[in-house]
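What follows draws every value from the coordinates through simple rules; no lab data is involved. Predicted, not measured: the structure shown is a model, and the values here were computed from it. Note that each Cβ is placed from the backbone with ideal geometry, even for glycine, and that neighbours are counted across all protein chains shown.
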Amino acid sequence: MAGEGCPIVEFRHISKMFSGVYALEDVSFSVKRGTVHCLLGENGAGKSTLIKILTGVLKEDSGSVFFDGEELKDRDIWITRRKGIGTVFQENSLVPHLSVSENVFLTREIRKRSGVLDFEKMKSETLRWSKELGVTLDPSAKVKDLSVAEQQIVEIVKMFSQNPKFVILDEPTSSLSDKEIENLFSIINTMKEKGVTFIYISHRMEEIKEIGDDASILRDGKYITYIEDVKTMDMNEIISYVVGRPLVQIYPERHAKIGDVCFAVEGLADNTFVKDVSFNVRRGEVLGFSGLVGSGRTETAKAIFGVSKKKNGKIFKDGKEIKIKNPTDAINHGLGFLTENRKEEGLFLNKSVSWNTVAASLDKIKTNGILSKGKERSEVNKYVEKLKIKLPSIDRAVKYLSGGNQQKVVFAKWLMRGSCIYIFDEPTRGIDVGAKTEVYKIINSLAEEGNAVIVISSELPEILGVSDRIAVFREGRLVKFLDAKDATQEKIMFYAMGGKDNETA
Ligand SMILES: Nc1ncnc2c1ncn2[C@@H]1O[C@H](COP(=O)(O)OP(=O)(O)OP(=O)(O)O)[C@@H](O)[C@H]1O
Ligand SMILES: [Mg+2]
């Protein structure tokens with residue numbers, strides 16, 4: 001058995017190419033025992049590829065991997081799992097029509113001594129872990145009926161229930177609420193005390209600072225640097241390693257002129273949760289929707305857009321009432337909605353980037369009624385450039401893009417469609433720090449062109465950085481408007497948690 005001093009994982013000269021392009025090029029580094037080692041890098045830098053190589057999902061072209069002092073040749077996911085490597089992959093790997101506990105114990109079912117499956121035990125184990133994560137999961141529920149956040153919890157429960165000694169988390173918090181993230185972090189800390197080691201991947205620098213010990217940075221498939229202590233290193237310095245240049249200003253300056261009200265909602269209610277929501281947005285204005293996860297922001301957007309049924313309420317565009325019964329009506333009235341659940345609602349993974357981008361706006365690329373390939377290519381390339389989508393060709397199937405680059409494709413699709421009222425739900429989720437700024441610039445330029453933009457975000461600095469005005473939601477109601485100029489994180493939280501105007505923030 002390897003001694004305490006030797007690293008638990010060591011990558012030696014790992015290279016991997018996809019169709020002639022390096023996804024990883026001669027990457028060498030090691031992970032110290034009992035640490036949370038952060039793996040940082042822009043979208044497409046090679047983080048997930050490295051994880052897949054370690055776990056044996058992908059095979060390296062050259063180089064070697066050592067685990068616990070032993071070279072792991074010919075590994076696959078089963079072998080590495082038996083060695084004690086537990087992974088939460090970036091993409092959901094659950095079986096939708098199976099129940100939560102069936103998924104958690106898939107291929108390693110617990111049996112009674114008689115050999116029959118011990119369903120009760122599997123359910124109680126699932127419950128125990130989900131409680132630790134601070135969620136109430138029904139072990140018998142079918143995975144396909146769960147929200148994205150719940151599915152992410154199932155993945156985490158599944159991994160922890162395998163009792164791993166080495167844990168890889170590839171953007172585990174992308175759909176979790178603050179509370180769930182806090183619980184996850186406390187589990188990580190407890191397990192770390194017991195000697196478990198972690199590789200942690202996230203684009204949220206605040207998280208890295210909170211949970212990380214040391215870090216490795218990848219850029220364009222190359223190993224850039226090792227950071228011994230992420231907690232004490234200046235955030236801007238970390239970011240400049242990640243993006244390869246200093247990022248002076250994350251939130252770009254805004255110059256949009258705010259005009260007349262162009263969109264208004266009055267007394268909106270849906271059949272379940274949203275009650276009496278009223279607001280308006282002006283041309284050139286960015287209205288932020290803030291509040292805790294589950295406060296009704298996404299539900300409000302869905303009811304407006306006709307994804308869910310409205311029980312009450314009127315919608316006005318340029319002062320005239322409009323009827324939106326389904327998303328097609330919404331689109332015809334010039335609304336665009338970038339949903340938070342992009343995997344399910346946004347993309348056809350087997351189709352090309354180009355196909356996905358133009359799918360919703362075929363009329364735009366027609367010349368005299370005929371689809372023009374040339375126009376399609378030039379339009380798509382325009383957005384690929386604007387959003388800095390990293391890909392070898394727009395004919396590439398979307399499934400071969402890194403997670404963050406897939407999200408940029410959904411973004412491109414909505415931009416190309418060209419709306420006049422945009423609703424963006426968590427627009428920068430999974431998108432790297434450098435590209436976040438690009439997304440903010442796009443939001444600004446949409447506003448500058450005279451469109452109205454609604455941004456839903458759980459990240460308070462982001463809401464404060466992009467909005468002109470902030471609507472705070474709580475328990476399905478819009479409880480407060482704040483001018484971004486006078487708003488602070490504390491003020492938003494005060495109202496989001498139920499504070500009233502006659503109390504002090
Ligand atoms: N199966 C595949 N076939 C072809 N190219 C691939 C494949 N998997 C990954 N790539 C490419 O390899 C590069 C690295 O991708 P990877 O998924 O490792 O990035 P990442 O750092 O995890 O990014 P993100 O932060 O967006 O998740 C990307 O350019 C991606 O398009
Ligand atoms: Mg990735």
Simple spin-label estimate for Met493 and Asp76 in nanometres, 7 Å along Cα-Cβ: 4.9 nm
Determine the equivalent ellipsoid of the range 9-243 by diagonalising the alpha-carbon gyration tensor, then write out the semi-axes as square roots of 5 times the eigenvalues, largest first, rounded to whole Å. 30, 21, 16
Given backbone amide H placed at 1.01 Å from N, residues whose amide H is under 5 Å from that of Gly476, ignoring those fewer than 5 places away on the same chain, are Gly296
Which of the three applies to the range 313-459, rounded, prolate or oblate, going by the alpha-carbon gyration tensor with a ≥ b ≥ c and a/c under 1.5 meaning rounded? oblate
Could you calculate the FRET efficiency of Leu98 with Lys386 from 1/(1 + (r/R0)^6), where r is the beta carbon distance between them and R0 is 51 Å, rounded to 0.05? 0.80
Step through the residues of the range 261-278 one at a time and calculate ³J(HN,Hα) from phi using the Karplus curve (6.51 cos²θ - 1.76 cosθ + 1.60, θ = phi - 60°), rounding each to whole Hz and writing x for Gly and Pro. 5, 10, 8, 9, 10, 10, x, 6, 9, 10, 7, 10, 10, 7, 10, 6, 8, 10
With θ set to phi - 60° and the Karplus curve 6.51 cos²θ - 1.76 cosθ + 1.60, what are the ³J(HN,Hα) couplings of the range 304-319 in order, to the nearest whole Hz, using x for Gly and Pro? 4, 7, x, 6, 10, 6, 8, 9, 9, x, 10, 10, 10, 10, 6, x
Quick one: if you stick a label point 7 Å off each Cα along the C-beta vector at Phe273 and Thr107, how many nm between them? 3.3 nm
Relative to the present Cα-Cα distance, how much length would full extension add between Val148 and Asp178 at 0.36 nm per residue of separation? 9.3 nm
Using the Cα centre of the range 321-372 as origin and beta-carbon charges of +1 (Lys, Arg) and -1 (Asp, Glu), tell me which of Asn368, Gly346, Asn326 is placed farthest towards the positive end of the dipole. Asn368
Which of the lysines could a cross-linker span from Lys311 if the Cα-Cα distance has to be under 23 Å and same-chain partners fewer than 8 positions apart are dropped? Lys275, Lys302, Lys320, Lys323, Lys325, Lys480
The size of the Cβ-based charge dipole (Lys, Arg +1; Asp, Glu -1) of the chain about the Cα centre, to the nearest 20 debye, is 1520 debye
Magnitude of the Cβ-charge dipole of the range 341-418, K/R +1 and D/E -1, about the Cα centre, nearest 20 debye? 160 debye
Quick one: compute the contact order of the chain, relative version, from alpha carbon pairs under 8 angstrom and 6+ residues apart, as a percent. 15 percent
Skipping prolines and chain starts, which residues have an amide H placed within reach, meaning under 5 Å, of the one on Ala484, given they are 5 or more residues away or on another chain? Arg469, Ile470
Angle in degrees between helix 148-160 and the longest Cα principal axis of the chain, rounded to the nearest 10: 10 degrees
For the pair Phe18/Glu449, report the inter-label distance in nm, with labels modelled 7 Å from Cα in the Cβ direction. 2.9 nm
Residue separation times 0.36 nm, minus the C-alpha to C-alpha distance between Val261 and Cys6: what's the value? 85.4 nm
Under a cut-off of 15 Å between alpha-carbon atoms, report the aspartates and glutamates in cross-link reach of Lys142, not counting same-chain residues fewer than 8 places apart. Glu102, Glu150, Glu155
Under the rule of at least 5 residues apart or a separate chain, name every residue whose amide H is placed under 5 Å from the amide H of Ile168. Gly86, Thr87, Val88, Ile199
Lys/Arg Cβ at +1, Asp/Glu Cβ at -1, dipole of the chain taken about the Cα centre: which of Leu39, Tyr241, Phe411 is farthest positive-ward? Phe411
Could you tell me which of the pairs Lys59/Lys165; Lys309/Lys351; Lys131/Lys500; Lys47/Lys441 are separated by over 29 angstrom between their Cα atoms in the structure shown? Lys309/Lys351; Lys131/Lys500
In whole Hz and in residue order, list the ³J(HN,Hα) couplings for the range 388-402 that follow from phi through the Karplus curve 6.51 cos²θ - 1.76 cosθ + 1.60, θ = phi - 60°; x for Gly and Pro. 6, 6, 8, 7, x, 6, 6, 8, 5, 5, 4, 5, 8, 7, 5
